[in-house]
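Quick notes on the structure that follows.
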Amino acid sequence: MEGDDAATAATGCDQVMLVALVLILGWFLQAAGKIIHIPIPYTGLIFFCGLLTGILDFYGDLGSISSALRVWIIGNETGHGGNSKGVDPDLFLFLFLPILIFGDLFSGDCNRFLRGTPQALILAFPGVVVSTFLFGLFGRFLCKWTFNLSCAFGAMISCTDPVAVLAIMKKCGVKRRALNLISAEAILNDGAGIILFTLYVQMIHARSMSALDVVSFITRNLLGPIGIGVGFGLVALLAIKISKRSKVLITTLTVAIPYLIYYTAQFKLNISGVLSLVIPGLIVGLGCEIFSGSELHDYIGSIWEFLEFFANSLIFYLSGVLIAEDIVLQESHLRMWLLLAITYFVSLGIRAIMVLLFFPLLKRVDPGTSPKECILVWWGGLRGAVGLALAMVLRDLPSEEKEGGQQAAFLMSGIVILTLLINSSSTNFLIRTLKLAKATPSEERILKQVRKQCEDRMHTIISFARNSNYSPLDEFRMSFRTTILGIAQDEGEILREKRFRFMLCMKRKVTILHNHLLIGDLSCHILLWVLQQHALRRAGVEMDIWSGLLANICRAHVADGYNSCSGLQKMIWRKFLTLGSEIAFGFLAGHAEARSALKGLSGGSEEILIQESLRDSSRAAYFLNYLKENAPAIIKKLKTDQVRHTCRWYSNKQILAFLANGVLEIKDRSSILESVNKSCENIRKINFDLGNNIFTPEQDNQTDLYPFGCAMLLEEEEVIVGDTKQEGEDPPHMLNVMDRSSVPNSIQQIGKLPEVELT
């Protein structure tokens, strides 16, 4: 018994390790695709890896991998090393279908799905019925299967998964009308196809069902998911609202709810678990964005992208292993390969018949469609992971249907790979040939206006940065107080806590500067590490953050060595001084932010912290002043980089505003961003003036820290991201987030500055 338990435990560990290896393999293939251009989607590549693994497993023993494969594979009774039934088909579908269906709805564009639903309903339900019947005739007369198995194959092959095509269409800028139809059709097709597939599989097992049973089954599976979906969706919406924007709680809900819905519908109520996921997926996706904000919605969306990556990788890999077994064991290889080629062309023909049959209706249903868009809808009907998951179920049919089920599963896997290799890779060519991505004259005018507004904003920022009357070296006339107030004995603990909060505030400011690329990665990490160490260990003593690591990096005398060297040594010193200037700039900004926040605290120790902060930041100001006098090229480069990044950030923000307001479409963004990035790179050629003023540590005015690149304007984003807008208030606008009286006249008159040529 102990030996059996050890073998079972080892097999369980092997299963988990197989999943980890498949994920690593998927990562490697996708990472390789980012380095070198691979026209084949990664799912196709991982399928071929599974194919190779299956062949090697048949002719030799792969050890732990072989034993793990026979546990994962459905209905596997023949592999090398012994017989094994494999995972239960219902368990296999229960594991993967909620991820594939709910993930598409949550991570996708819900508005796009809703806009495409009226037309997609035509293709998904009447269209799938027509497609299933035609494939039933094909399987019955050409493949010599039973009619039930033929129709189950037709329902299975009707499930589409156009993820790869949608990515290409978005990149090429295809009209959103076609995008809406294809994305909505894919989800509804899966629901309708799985209902019919389940019906015919039940008929295969039960051998006979009355007409009343069939009508009852279809009616229950069409109407039941609506009630289940609405009920669970509203409960999930309430739960999200109660979670108060907690990432952990909301992520837990979004992952657990799909499985609960699918289990309740599929196994307890005997209705379609897939269709039951559609309405909750839409409700949870929209509700999460409304009650939790777009930032949290994107965070949870990234988790669902990983889950979809996990499901697709494992399904395609296991399908490759099974196809390898079919190839090796198949007695009539030539017949099956010929049948696969015929099935591919028949599937294209049947989908063409379906689209042509319903084209008059699609053209009349809002928003309508064109013949060219219908051609793209026809060609973009790829098959994917849902079809492969259903194909594995056909391998577990009764003995009299066993051979036909394995043939149908082989053909389904082949169709999935052929559509990935042929349809997906040729979609870009089809879009160019049909001229579906060409902008209309009105769209061109809008794009031109948006480009002009971005250029005007960049001219304004650059003009401000070139104005020597207001620069980052402005002299501030705040007096440096030398008197230090005494500390009462009972205020010691309060002062310690305020020092700790002071450093946390500095960390926040450094993070903001890093997010806007005003300081580099290494500078940010050094500052954050130093601040963290002082906050945890030295909050009880006088503030002296600069001493130690920061002082050793920001050595003023290095500038003298920089001017006297050349070649490689000069390049190394330049990198070192650039790092020091970024650290000193972020250090001054953090102190100023913390002093500003300190003014809102009550108590008698604020003046002490202010004096400590001014003393500490004076050494950073001295370092920057020394660089300005002895190595001005370093400061000029820092200023130029900050201007460039500020222009790029503000242009991106303006483009996002136009996208949110509906002025632009997603397909327009790439062309405008390309123009903006080109203009931003031309900023490197501008020789900015540093002015004649000096840095001082007394930079309490937030606007006075940023004229390197007008980054003061970036504070608006922090108000928006932080969601500080109160109910009933208007959203913040540029320069409205700070007191205008504190802004120098040179900023308020910014519109009068001359334009700067960028090209």
With labels modelled as points extended 7 Å from the Cα through the Cβ direction, what inter-label distance (nm, one decimal) is found for A20 paired with D560?
-> 5.6
Once all protein chains are kept in place, Y299 shows an accessible area at probe 1.4 Å, nearest 10 Å², of 90
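Given R₀ = 45 Å, what would the calculated FRET efficiency be for D366 paired with A657, taking r from the Cβ atoms and rounding to 0.05?
Working: r = 28 Å, r/R0 = 0.62.
For D366 and A657, the calculated efficiency is 0.95.
Would you rank W304, W529 by solvent-accessible area, highest first, keeping every protein chain in place and using a 1.4 Å probe?
Numbers: W304 0, W529 145 Å².
Output order, biggest surface exposure first: W529, W304.
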Between Y263 and Y59, the two model label points (7 Å from Cα along the beta-carbon direction) sit apart by a distance in nm of 4.4
Which number do you get for Rg(Cα) / (2.2 N^0.38 Å) in the stretch 203-310?
-> 1.27
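For a 32 Å ceiling on Cα separation, which of these pairs sit above it: K452/K639; K247/K507; K363/K678; K241/K507; K372/K448; K244/K509? Write down the numbers at each step before the final one.
Working: K452/K639 24 Å; K247/K507 22 Å; K363/K678 41 Å; K241/K507 30 Å; K372/K448 27 Å; K244/K509 25 Å.
Where the Cα-Cα span goes over 32 Å, the pairs concerned are K363/K678.
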Most packed first (mean Cβ within 10 Å per residue), the peptides 500-513, 229-242, 404-417 order as 404-417, 500-513, 229-242
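The values are calculated or read from the model by the stated rules, or taken from the named source; none is laboratory data. Keep in mind that this is a model prediction, so the values were computed, not measured. No Cβ is skipped: glycine too gets one built from the backbone with ideal geometry, and neighbour counts run over all protein chains shown. Accessible surface areas use protein heavy atoms only, side chains included; no ligands, DNA or RNA. Shrake-Rupley method; radii C 1.70, N 1.55, O 1.52, S 1.80 Å.
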